[in-house]
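First up is the structure itself, then whatever we jot down about it.
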Amino acid sequence: MEGCGGDQPQVSRSPHMDVSQLGAYAEERRVIIESALPHYSLYPISKKTFQELKEEIAPYAVEDAMNLKRWHGINVIRSGGEAVHPFIAKMSPPPLPLDL
């Protein structure tokens, strides 16, 4: 995603959770959030994020994740307490501002 800087992880988790600054959380809070088994939509912003979640994004490698096309993300969805096989999906781009 263009316009985002450095190693700031861009992680979207649902439902109703936006922890796009996951790296800013203390380690114990991050562990608590992850143990709640949230869903992940991961975008190629931070290599560090992919390295930390490499077991969850397998069979995709960190380098594969960093080379995703624009608007694509790796999704990890949980159903019945188990993770569904990670998959790549093309997301919709953000809406354009309306001309007033």
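The values are calculated or read from the model by the stated rules, or taken from the named source; none is laboratory data. Just so it is clear, the structure is predicted and the values come from calculations on it, not from any experiment. Cβ placement follows ideal geometry from the backbone for every residue including glycine, while neighbour counts extend to all protein chains displayed.
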(Q) Can you list residue pairs whose Cβ atoms sit under 8 Å apart, with the first residue in the range 51-66 being among the aliphatic types (A, V, I, L, M) and the second being in a helix (DSSP H, G or I) and loosely packed, with under 15 Cβ neighbours inside 10 Å? Count only pairs 6 or more apart in sequence or on different chains. (A) A61/K54; V62/K47; V62/Q51; V62/K54; M66/K47
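Of all residues in the range 80-100 being surrounded by fewer than 10 Cβ atoms within 10 Å (Cβ to Cβ) and modelled with pLDDT under 80, which is nearest to L42 (Cα to Cα)?
Pass one, the range 80-100, residues surrounded by fewer than 10 Cβ atoms within 10 Å (Cβ to Cβ): 80-82, 85, 92-100.
Subset that is modelled with pLDDT under 80: 80-82, 98-100.
Numbers: G80: 21, G81: 20, E82: 18, L98: 28, D99: 31, L100: 33 Å.
Per the stated criteria, the residue is E82.
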(Q) Please go through the range 85-100 and give me each residue that is over 11 Å from E56 (Cβ atoms) and in contact with a strand residue (DSSP E or B) (Cβ under 7 Å, 6 or more places away or on another chain), ordered by number. (A) F87, I88, A89, K90, M91
**Q.** Breaking point among (1) touching a strand residue (DSSP E or B) at 6+ places or on another chain (Cβ under 6 Å); (2) surrounded by fewer than 16 Cβ atoms within 10 Å (Cβ to Cβ), for S41
**A.** (2)
